[in-house]
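Novice: Please find one structure pasted underneath; my questions will follow.
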Amino acid sequence: MPTAERYDAVVIGSGDGGKYLAWHMAQAGRKVAVIERRWIGGSCPNINCLPSKNEIWSAGVAHAVAHAGAYGVATGPVSVDMKTVVARKRAMVESLVAFHLERYEATGAELIMGNARVIGPETIEVALNDGGTRLLVAEKLFLNLGTHATIPPVPGLAEAKPLTHIEALELDRLPAHLIVLGGGHVGLELAQAYRRFGSRVTIVDRGPRLLKREDEDVSDEIRRILEAEGIEVLLSAEIEKVEGRSAGSVRATIRTSDGSKVIEGTDMLVAAGRTPNTRGIGLEEAGVALTDRGYIQVNERLETTARDVWAIGECAGATRTFWDKIVIAYGLRRWYERRGVLRQEGQRVSRHYYELHCLLQSEVGQIAIADLDLGTDCVRHARMFFDRPDYDLASALPGSFAIEPITGMVRGTRGGLCQHDSDDLRCCASVRRCARLSSTHRETIEGSRGRRWWSPQRR
């Protein structure tokens, strides 16, 4: 049995919440350890946010070149070298990992690579990746466990070895026919990327429309754009069984209102939700309760049911906090003020405003507004993220759209969030196609998802 090592704080998981917390505490003089199984810096720089955008950007270049005629530029046949696409993405990831290692060294936080298991109220056992075991005793424990792609219990699906977003971003070949299970953001952005690379793509979703959390006009417009690019979209479709194996020959039997049909493809991608990484690491021994969906139960301060144990990020079913909404609202106001000349009819008030109104009535909201230091810090960060250049209107392409705030949103914000009239906070929406468009973000899927500094997306 290894000798127990004492720490002021131990963070399990090196994702966004965990790494910044650890670096901050270490710089304040505390002895801190971060335990990470594989992805240094968490999923975002390794397998999610940034790598996906890297490959989507490559797909966008392929799409632009293929449609260069719309700009009056004549080109020859376009081909895509997926090995180069993946190599470019990997080089970016390697640089990000190097940055994170430098930050650990600079702050003094210790990074331990291995699998953590809680074996007591304050004790964590780590099976080291390089062999051996360490025993850590933590005065405070922070769980930053993240989530992984859900594989639905469809007969034959797991045996077919389908791709998740991780494997899809590592493909150095082009699937002849990619079947995508799931009509959410992850499924759609990868479906569009591979279509632009040259694959035939079919999207299957059990719901009546894509992006079910978005407004119907946004959902309908995105479906129109995807179908215009040649993607087949099957909605209200239940997968009954899967046969064969991805990366070869795979068949999906689906049931729709028109009866059953079989879709045959070469590869299958599953993007059907997320499952928290909370099972099998001994949370029960620490007295940490889970929800019926496996997420960690936390209060408004992110405290778990165990003393001196907190959970942060996706494993706690994270939603945007009061101050997250303030930051978003601040950015939307600045965006609108700087681009006031872009006003047109049928604009949209971000849902964040109505959610802020509701939060202000809660106990958590009252506590938040009383914390002026926190508010000042949020606004400072807002300025950092929201002071972006204006849209390049000359680059607007057919098949893109933008979502804009309306005058009432700005007027209410100037008056102070606490003085909002609920009538001014309600949401209205309209999607305007490029013919009526005077601004654009990226394109299609990225346009609806948006950067956090102006997206109206509900979380």
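Any read-out appearing in this document is the output of simple, stated calculations on the displayed coordinates, not a laboratory observation. Since the structure is predicted, the reported quantities are computational estimates derived from the model, not experimental observations. Here the Cβ positions follow ideal geometry from the backbone for every residue, glycine too, while neighbour counts run over all protein chains shown.
Novice: With +1 assigned to the C-beta of every Lys and Arg and -1 to the C-beta of every Asp and Glu, and no other charges, what is the dipole magnitude of the stretch 158-272 about the Cα centre in debye, to the nearest 20? Spell out each step's value before the answer.
Specialist: Details: 16 positive and 21 negative charges, 65 e Å.
So the dipole magnitude of the stretch 158-272 works out to roughly 320 debye.
Novice: Follow-up question, since we're still on this one. What does the extension gain come out to for residue 274 and residue 238, with contour length at 0.36 nm per residue minus their alpha carbon separation?
Specialist: Separation in residues times 0.36 nm, less the Cα-Cα distance, equals 11.1 nm.
Novice: Let me ask you something else. State the answer as a single residue: which of 115, 92, 79 lies farthest towards the positive end of the charge dipole of the stretch 75-119, with beta carbon charges of +1 for Lys and Arg and -1 for Asp and Glu, about the Cα centre.
Specialist: Value: 79.
Novice: Residue 227 to residue 61: extension gain in nm, 0.36 nm per residue of separation minus the Cα-Cα distance?
Specialist: Extending this stretch completely gives an extra 57.8 nm.
Novice: Let me ask another. How much FRET efficiency would the formula 1/(1 + (r/R0)^6) give for residue 95 and residue 159, where r is the Cβ-Cβ distance and R0 is 45 Å, rounded to 0.05?
Specialist: E(calc), rounded to 0.05, equals 0.75.
Novice: Computed FRET efficiency, Cβ-Cβ of residue 27 and residue 119, R0 25 Å: what is it to the nearest 0.05? Could you put the intermediate results ahead of the total?
Specialist: Values: r = 29 Å, r/R0 = 1.18.
Between residue 27 and residue 119 the formula returns 0.25.
Novice: Classify the stretch 158-272 from the C-alpha gyration tensor, please: rounded if a/c falls under 1.5, else prolate or oblate depending on whether a/b exceeds b/c.
Specialist: Oblate.
Novice: Only four residue types carry charge here, +1 at the Cβ of Lys and Arg and -1 at the Cβ of Asp and Glu. Report the dipole size of the stretch 79-229 about the Cα centre in Debye, rounded to the nearest 20.
Specialist: Its charge dipole is roughly 420 debye.
Novice: Right, something else. Collect residues whose amide H, placed 1.01 Å from N in the peptide plane, falls under 5 Å from the amide H of residue 237; neighbours closer than 5 in sequence don't count.
Specialist: Answer set, sorted by chain and number: 205, 206, 207.
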